[in-house]
Amino acid sequence: MRQAASALVRRDLQLLWTRRGDALQPALFALLTVVLFALGLGGEADALAPVASAVLWLAVLLAGLLALDSLFRGDAEDGSLEQWMLAPVPLWWLVLVRTLMHWLTTALPVIVAVPVLGELLHLPHAQLPVLMGSLLLGTPILSLLGAVVAALTVGMRRAGVLVALLALPLYVPVLVFGAGAVAAASQGLDPVGALLLLGAGLSISLVFAPLAAAAALRIAHN
Amino acid sequence: MNLPPTNRPAPNGLIRWFHQLGSPPYFDRFAARWAPWAHLLALLTMGIGLYGALFQVPADYQQGDSFRILYIHVPAAWMSMAIFALMGVYAAIALVWRIKLCEILAMACAPTGAAFTLVTLATGSIWGKPMWGTWWDWDPRLTTELILLFLYLGVMGLYAAIDDRRDAARAAGFLAIVGVALLPVIRWSVVWWNSLHQGQTIRLFGESSMDPSMVWPLLWMIVGTKLWFAGSLLNRARADNLRRETGKDWVAKLAGATP
């Protein structure tokens, strides 16, 4: 199992390296979202600071949504997915490895950029640690839930807006607790409760989401 | 010729009927026969319920006449969740035993369920404007019900987007099974969080915190919406069933084609 995982990781990293420019796309998308929000709200620091954390959460979430379609599509098109299903390792294990790699390559660059984006939005510095914590706990859940949706839609030639329609209802609780933790901290309340709930959600989705996504892959790609 | 004795008893009437119902031509006849009756009975019971709700039941001491919208809101809300649960059950049966008719029935649940969810949200917000002073509030109960609507739309969208009907039904059914996790959250959302939405006031078992004189039209409405759903389910499933069986002999015969 470890061998299969390391082979998959190496292959994904090589593919990523040959298309280095694509790897920065989600971060660029998040930057554009932030710029549009800032301009739409008039650019005043007084108007931006209260909503900064929510806008950043949304920017990260939308950037992740944009990258979701590429999770299994390449493998479905070149036939690797059939090999995954025939492989002697369980399908959910490969799905888990792929999803975590996808998170590392699409979500993590955006999260690294969040402190800079926060400056653009005049995010109060005291909120930054809680925001980063909630993003680090929340975005893997988004990737894992997104894997289920991406697996369901992998059989379609163009999934388009359907991916968003399927994924966003599942994303709502993560957004509520993730942005809620920051909002609680900004009002001087204890954000630990919401962060713990995110952690619990992450543990549950780490266990169940790869199984669900593997089942969905078998349904959508038989 | 002597046939070897079998250990299996002959299936009794009910089990045989159940197996027969799984066959497309038999289901078509069954649905064509019973759907009009379900709709007729539904109109009748909902008529009685609405008459009672509008003319018989006394006005509320606090809310006056505006509480009467409850007789549509509550049955629709219950149906929105019950239909989703039923869709999950059908989808699970379809995924495990690969019964074609269950795929059809699961997918036939979605549009009616989405309609009931929309009715729930609309009547709730019409009532909310005079009572809460707002059309909408991001309250847990309201938000989760809205997510339920999106899930229904997602199931319908996924079913429509995949070309192969059986693959589409299985993928959409899988989403429905995943979505069932939302139902307990909706049910207990007024308990877990501070909510603008009132808590549970009507109980089927035990004492309701609603006056008995106000309850009886609600029961008629609950039965009526169930019957209406049964009728629409049969009609929709029948249409989908016929569409899938296009080209089979029995459909051609039904359409009056001469061989």
* P(r) for chain B: what percent of alpha-carbon pairs falls in each 5 Å bin, starting at zero? -> 1, 6, 11, 14, 15, 14, 12, 9, 7, 5, 3, 1, 1, 0, 0, 0, 0
* Asked: What average count of beta carbons from other chains do you get within 10 Å of the Cβ of residues in B:175-182?
  -> 4
* **Eligible aspartates and glutamates near B:Lys226 by straight Cα distance, threshold 20 Å, same-chain separation 8 or greater** => B:Glu145
* If we count other beta carbons within 10 Å of each Cβ, what is the order of B:Met79, B:Met87, A:Met85, fewest first? -> A:Met85, B:Met79, B:Met87
* To do: Rounded to whole Hz and in sequence order, give me ³J(HN,Hα) for region B:74-80 from the Karplus expression 6.51 cos²θ - 1.76 cosθ + 1.60, θ = phi - 60°, writing x for Gly and Pro.
  => 5, x, 5, 5, 4, 5, 4
* Using packing as a proxy for protection, rank A:126-133, B:18-25 so that the peptide with the highest average count of other Cβ atoms within 10 Å comes first. => A:126-133, B:18-25
* To do: Give, in whole angstrom and from largest to smallest, the semi-axes √(5λ) of the equivalent ellipsoid of region A:2-220, with λ running over the eigenvalues of the Cα gyration tensor.
  => 32, 18, 15
* Please build a GNM for chain B, connecting alpha carbons under 10 Å apart, and tell me which residue among B:Ala114, B:Ala76, B:Ala181 fluctuates the most. => B:Ala181
* Starting at 0 and stepping by 10 Å, how many percent of the alpha carbon pairs of region A:1-90 end up in each bin? -> 14, 32, 24, 17, 10, 3
* Asked: Across the residues of B:139-147, average count of Cβ atoms on other protein chains within 10 Å?
  -> 2
* Asked: Once you average over the residues of A:157-163, how many Cβ atoms of partner chains fall within 10 Å of each Cβ?
  -> 2
* Asked: Given Cα pairs under 8 Å that are at least 6 residues apart, what percent is the relative contact order of region A:2-220?
  -> 27 percent
* Solvent-free Debye scattering, log10 I(q)/I(0), computed from the Cα coordinates of region A:95-213 at q = 0.09, 0.12, 0.13 Å⁻¹ -> -0.27, -0.47, -0.55
* To do: Under 16 Å Cα to Cα from B:Lys100, which aspartates and glutamates show up? Leave out anything in the same chain fewer than 8 places away.
  => B:Asp28, B:Asp164, B:Asp167, B:Asp240, B:Glu245
* Relative contact order (percent) for chain B, with alpha-carbon contacts under 8 angstrom and 6 or more residues of separation? -> 32 percent
* GNM flexibility winner over chain A from A:Leu117, A:Leu32, A:Leu152 (Cα, springs under 10 Å) -> A:Leu32
* Asked: Could you put B:Cys109, B:Cys102 in order, starting from the residue whose Cβ has the fewest other Cβ atoms within 10 Å?
  -> B:Cys102, B:Cys109
* Structure fact -> Here region B:167-176 yields Karplus 3J(HN,Hα) values (6.51, -1.76, 1.60; θ = phi - 60°; whole Hz; Gly and Pro given as x) of 4, 4, 5, 6, 5, 5, x, 4, 4, 4
* **In sequence order, calculated HN-Hα J values of region A:27-43 (Karplus, 6.51, -1.76, 1.60; Hz; x Gly/Pro)** => 5, 5, 4, 4, 4, 5, 4, 4, 4, 5, 4, 4, 5, x, 8, x, x
* **Cα-derived Rg to Rh of the protein assembly as shown, Kirkwood definition** => 1.03
* Cα centroid separation, region B:237-257 to region A:129-192 (Å) -> 44 Å
* What does the helix-only formula give at 222 nm for the protein assembly as shown: each DSSP H stretch with n ≥ 4 adding -39500 (n - 2.57), the total divided by the residues, and the result rounded to the nearest 500 deg cm²/dmol? -> -25500 deg cm²/dmol
* **Among B:155-164, B:62-71, the order from most to least packed when residues are scored by Cβ within 10 Å on average** => B:155-164, B:62-71
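Since every read-out is calculated from the coordinates, none of them should be taken as a lab result. Worth saying up front: this structure is predicted, and the values here are computed from it rather than measured. Heads up, the Cβs are rebuilt from the backbone with ideal geometry, glycines too, and the neighbour counts pull from every protein chain shown.
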